[in-house]
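A.B. asks: Following this message is one structure expressed as structure tokens.
The values are calculated or read from the model by the stated rules, or taken from the named source; none is laboratory data. Here the structure is a predicted model, which is why all the values come from computation and not from measurement. Positions of Cβ are backbone-derived with ideal geometry, glycine not excepted, and every protein chain shown enters the neighbour counts.
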Amino acid sequence: MSQIGRAVYLTWDYTWSTLRTLWDVASHTFAKRDTVEYPDEMPYLAPRHRGRIVLTRDPEGNERCVACNLCAVACPTDCISLQKTEDETGRWYPEYFRINFSRCVYCGLCEEACPTYAIQLTPDFEMAEYNRQNMVYEKEHLLISGPGKYPDYSFYQVSGKAVSGRAKGEGLNEAKPVNVKSLLP
Amino acid sequence: MSSITANILNVVGILVFVVASAAMLTWVERRMLGIWQERYGPNRVGPFGILQVAADMIKLLMKEDWVPPFADRFVFVVAPTIAMFVVVAAYAVIPMAPGIGVIDLNIGLLFFLAMTSLSAYSVMFGAYASDNKYALLGGLRAAAQMLSYEVFLGLSLMGVVMLAGTFNLREIVLAQQEQWFVIPQFLAMLLFFIAGIAESHRTPFDLPEAEHELTAGFHTEYSGMKFGMFFIGEYVSVLLTASMMVVLFFGGWLGPVLPPLVWFLLKTSILVLLMILIRGALPRPRYDQLMAFGWKVMLPLAMINLVVTGVLVLV
């Protein structure tokens, strides 16, 4: 008897779950579609979207990049290549700065490694090219005119970096250097 | 003379209609699955993507007509032809409306059952001729599945035959003028529907071509238009199952106000949509579950239905 009862129960259970599944799927008929038809309609990309890489300038309009090579070291695909040079005040800047976007995986590690917020990833992904060589971006392609995601940040004004002519913390608007040995804020 | 013209018009018209609407079903199915999965489906070629079929056809025709060197060439080529021929031939006995229908056989129902049985050969031939392990496994599954499900496909219809007292499909429709057979034969309708889905080996009974286990099952080695014929054959078979259900259980062309042909097509398309919905909703059972379901659940139910209907008809 219990076997028959179990068979009846299972039959009912399976039938019910099948019908409920059919109803649940059918109820999606008038649901809103998730698809964004991309070429016709641009999807919203968050500001933190990791797309085309740019080199930014500080609020005064100078290049932020100090050619420290940390981005090139952090890059897992070794697609960043740059050469350091100095100007007459002894400040470092890149002589050339080259990103091979056909190798880049847009991981954002270069952005995280950058001590001066110079290298930043932007919400732009439409970079397709017919010629692979056109995927190699030079400094003039990478450098933008503005400060990017951190409009008020200027490395030399907050970090206390000695350049020729002035010591740490002596520049205009420059904060005193952080005492890393102290626990006080 | 005019009757000959009418006959030719009937034959050609129904052939073109069946094959064309089976081709269109590929698009309908993809759009409907898209809707139920909250996406669009093919909507680029023509208005609402309706010309997707043409694009697919061009693609299939332009493909290399490849026969693998290890295949049994003759059988390999014949198999998709059988798949297509059998279902289209079975459609000949479907009475679509008064005066529309290729042929009125006294044994129309038996002809339909015979033709669906023959379609097992196309799958087995295709699988055997491919000389491929996936195809062979798919073919074995298809053979076992189609033979098992054919048993209660036939048995479930006998209740209808008892009530109507004929094997002639047109007379079966006319016998439903008082009451559609879906009411006294509801269980038989469910059994026939399940068996019909299994016969056209569609999800959830698509074990012969289960992608995840068997790549593409019996048509693994097929490409180009030979694959296309298997594909269209499957959709004609969907259409055939839906039409057959309409004829046997849902009163065929009978219905108020609208012209008979419209009623028939309306009912058929609702059932086709239901089959697509089932494909979109239900998962595939394991193979032993499929066999157990067929022999231990569906066959006894078909028997019970047969006996009860027999007793009720006698009393």
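A.B. asks: Quick one: count up the residues across segment A:1-26 that are over 55 Å from the mean Cα position of the chain (by Cα) and of a type in the set (Ser, Thr, Tyr).
C.D. replies: Taking segment A:1-26 first, the residues over 55 Å from the mean Cα position of the chain (by Cα) are A:1-9.
Still in the running and of a type in the set (Ser, Thr, Tyr): A:2, A:9.
Going through segment A:1-26 one residue at a time, the tally reaches 2.
A.B. asks: Which of the helices (runs of 4 or more DSSP H) contained wholly in segment B:197-285 include at least 1 residues that are within 14 Å of another protein chain (Cβ to nearest Cβ) and not hydrophobic (A, V, I, L, M, F, W, C)?
C.D. replies: Details: elements: B:211-214, B:224-249, B:260-281.
Result: B:260-281.
A.B. asks: Out of A:Ser145, A:Ser81, A:Ser154, report the one residue that is in the same structural domain as A:Pro59 (by TED's automatic domain parsing), of a type in the set (Gly, Ala, Ser) and closer than 30 Å to A:Glu41 by Cβ.
C.D. replies: Numbers: A:Ser81 fails: closer than 30 Å to A:Glu41 by Cβ; A:Ser154 fails: closer than 30 Å to A:Glu41 by Cβ.
So the residue among A:Ser145, A:Ser81, A:Ser154 that is in the same structural domain as A:Pro59 (by TED's automatic domain parsing), of a type in the set (Gly, Ala, Ser) and closer than 30 Å to A:Glu41 by Cβ is A:Ser145.
For every residue, the table says whether it meets (1) part of a loop (DSSP other than H, G, I, E, B); (2) within 9 Å of chain B (Cβ to nearest Cβ); (3) modelled with pLDDT of 90 or more; (4) buried (at least 16 other Cβ atoms within 10 Å of the Cβ).
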| residue | (1), (2), (3), (4) |
| --- | --- |
| A:Ile4 | no, no, no, no |
| A:Leu10 | no, no, no, no |
| A:Thr15 | no, no, no, no |
| A:Pro39 | yes, no, no, no |
| A:Arg50 | yes, no, yes, yes |
| A:Cys71 | no, no, yes, yes |
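A.B. asks: May I ask you to list pairs of residues, at least six apart or on different chains, whose Cβ atoms are under 9 Å apart, with the first in segment B:175-188 being surrounded by fewer than 16 Cβ atoms within 10 Å (Cβ to Cβ) and outside any loop (DSSP other than H, G, I, E, B) and the second being modelled with pLDDT of 85 or more and not hydroxyl-bearing (Ser, Thr, Tyr)?
C.D. replies: B:Phe186/B:Phe249
A.B. asks: Among the residues of segment B:286-303 satisfying the criterion of being free of Cβ contacts under 8 Å to residues at least 24 places away in the same chain and part of a helix (DSSP H, G or I), which is nearest to the other protein chains (Cβ to nearest Cβ)? I'd like the intermediate steps shown before the answer.
C.D. replies: First, the residues of segment B:286-303 that are free of Cβ contacts under 8 Å to residues at least 24 places away in the same chain: B:286, B:288-289, B:292-293, B:296-297, B:300.
Then drop every residue that is not part of a helix (DSSP H, G or I), which leaves B:288-289, B:292-293, B:296-297, B:300.
Numbers: B:Asp288: 16, B:Gln289: 10, B:Ala292: 12, B:Phe293: 9, B:Lys296: 9, B:Val297: 7, B:Pro300: 10 Å.
Within segment B:286-303, the match that is nearest to the other protein chains (Cβ to nearest Cβ) is B:Val297.
A.B. asks: Here's another thing I want to ask about it. Farther than 30 Å from A:Leu172 by Cβ and either surrounded by fewer than 16 Cβ atoms within 10 Å (Cβ to Cβ) or touching a helix residue (DSSP H, G or I) at 6+ places or on another chain (Cβ under 9 Å) (or both), is that true of A:Glu138?
C.D. replies: Working: farther than 30 Å from A:Leu172 by Cβ: yes; either surrounded by fewer than 16 Cβ atoms within 10 Å (Cβ to Cβ) or touching a helix residue (DSSP H, G or I) at 6+ places or on another chain (Cβ under 9 Å) (or both): yes.
Answer is yes for this residue.
A.B. asks: Which of the residues belonging to segment A:73-93 are surrounded by 15 or more Cβ atoms within 10 Å (Cβ to Cβ) and assigned to a loop (DSSP other than H, G, I, E, B)?
C.D. replies: Selection gives A:Cys75, A:Cys79, A:Arg91.
A.B. asks: Let me ask something else. Among (1) farther than 30 Å from B:Glu38 by Cβ; (2) among the hydroxyl-bearing types (Ser, Thr, Tyr); (3) within 14 Å of another protein chain (Cβ to nearest Cβ), where does A:Thr56 come up short?
C.D. replies: Condition not satisfied by A:Thr56: (3).
A.B. asks: Among A:Val54, A:Val66, which is touching a Phe, Trp or Tyr at 6+ places or on another chain (Cβ under 6 Å), surrounded by 18 or more Cβ atoms within 10 Å (Cβ to Cβ) and touching a residue at least 60 places away in the same chain (Cβ under 8 Å)? Don't jump to the end; show me each part of the working.
C.D. replies: On the way: A:Val54 fails: touching a Phe, Trp or Tyr at 6+ places or on another chain (Cβ under 6 Å).
That would be A:Val66, the only listed residue that is touching a Phe, Trp or Tyr at 6+ places or on another chain (Cβ under 6 Å), surrounded by 18 or more Cβ atoms within 10 Å (Cβ to Cβ) and touching a residue at least 60 places away in the same chain (Cβ under 8 Å).
A.B. asks: Restricting the search to segment A:128-167, which residues are within 22 Å of A:Glu88 (Cβ to Cβ), in contact (Cβ under 8 Å) with a residue 40 or more places away in the chain and among the charged types (D, E, K, R)?
C.D. replies: A:Lys139
Quick grid of which residues meet (1) crowded, with 19+ Cβ neighbours inside 10 Å; (2) touching a residue at least 24 places away in the same chain (Cβ under 8 Å); (3) out of contact with any Leu (no Cβ under 9 Å at 6 or more places or on another chain):
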| residue | (1), (2), (3) |
| --- | --- |
| B:Tyr121 | no, yes, yes |
| B:Ala129 | yes, yes, yes |
| B:Gln145 | yes, yes, no |
| B:Gly159 | yes, yes, no |
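A.B. asks: Given the structure, is B:Leu15 surrounded by 13 or more Cβ atoms within 10 Å (Cβ to Cβ) and aliphatic (A, V, I, L, M)? Please lay out each step first, then the result.
C.D. replies: Numbers: surrounded by 13 or more Cβ atoms within 10 Å (Cβ to Cβ): yes; aliphatic (A, V, I, L, M): yes.
Yes.
A.B. asks: Another question, then. For segment A:141-161, give me each residue that is surrounded by 14 or more Cβ atoms within 10 Å (Cβ to Cβ) and of a type in the set (A, V, I, L, M, F, W, C).
C.D. replies: Within segment A:141-161, A:Leu142, A:Leu143, A:Phe155, A:Val158 meet the criteria.
A.B. asks: A further question follows. Being part of a helix (DSSP H, G or I), surrounded by fewer than 19 Cβ atoms within 10 Å (Cβ to Cβ) and away from chain A (no Cβ under 14 Å), is that true of even one residue in segment B:95-109?
C.D. replies: To start, the set of residues in segment B:95-109 that are part of a helix (DSSP H, G or I) comprises B:108-109.
Now restrict to residues that are surrounded by fewer than 19 Cβ atoms within 10 Å (Cβ to Cβ): none.
The answer is no; no qualifying residue exists.
A.B. asks: For B:Val28, are the conditions met, namely being part of a helix (DSSP H, G or I) and farther than 17 Å from B:Val88 by Cα? If you could, list the steps in order and put the result at the bottom.
C.D. replies: Details: part of a helix (DSSP H, G or I): yes; farther than 17 Å from B:Val88 by Cα: yes.
When the stated conditions are applied, B:Val28 passes them.
A.B. asks: Within segment A:112-127, is there a residue that is over 18 Å from A:Asp58 (Cβ atoms), under 19 Å from the mean Cα position of the chain (by Cα) and free of Cβ contacts under 8 Å to residues at least 40 places away in the same chain?
C.D. replies: Within segment A:112-127, one or more residues are over 18 Å from A:Asp58 (Cβ atoms), under 19 Å from the mean Cα position of the chain (by Cα) and free of Cβ contacts under 8 Å to residues at least 40 places away in the same chain.
A.B. asks: In addition: For B:Val246, which of the numbered conditions (1) more than 21 Å from B:Val87 (Cβ to Cβ); (2) free of Cβ contacts under 8 Å to residues at least 60 places away in the same chain; (3) surrounded by 17 or more Cβ atoms within 10 Å (Cβ to Cβ) fails to hold?
C.D. replies: (1)
A.B. asks: Continuing with this model, one more query. Just the residues that are more than 18 Å from the chain's Cα centre (by Cα) and more than 19 Å from A:Gly165 (Cβ to Cβ), please, taken from segment A:64-80. Even if it seems obvious, please write down each step before you answer.
C.D. replies: Within segment A:64-80, the subset more than 18 Å from the chain's Cα centre (by Cα) is A:66-68.
If the condition is that a residue be more than 18 Å from the chain's Cα centre (by Cα) and more than 19 Å from A:Gly165 (Cβ to Cβ), then A:Ala67, A:Cys68 are the ones that fit.
A.B. asks: Condition first: touching a Phe, Trp or Tyr at 6+ places or on another chain (Cβ under 9 Å), closer than 18 Å to B:Glu234 by Cβ and part of a helix (DSSP H, G or I). Can you find one or more residues in segment B:155-172 that meet it?
C.D. replies: Looking for residues that are touching a Phe, Trp or Tyr at 6+ places or on another chain (Cβ under 9 Å), closer than 18 Å to B:Glu234 by Cβ and part of a helix (DSSP H, G or I), one finds none in segment B:155-172, hence no.
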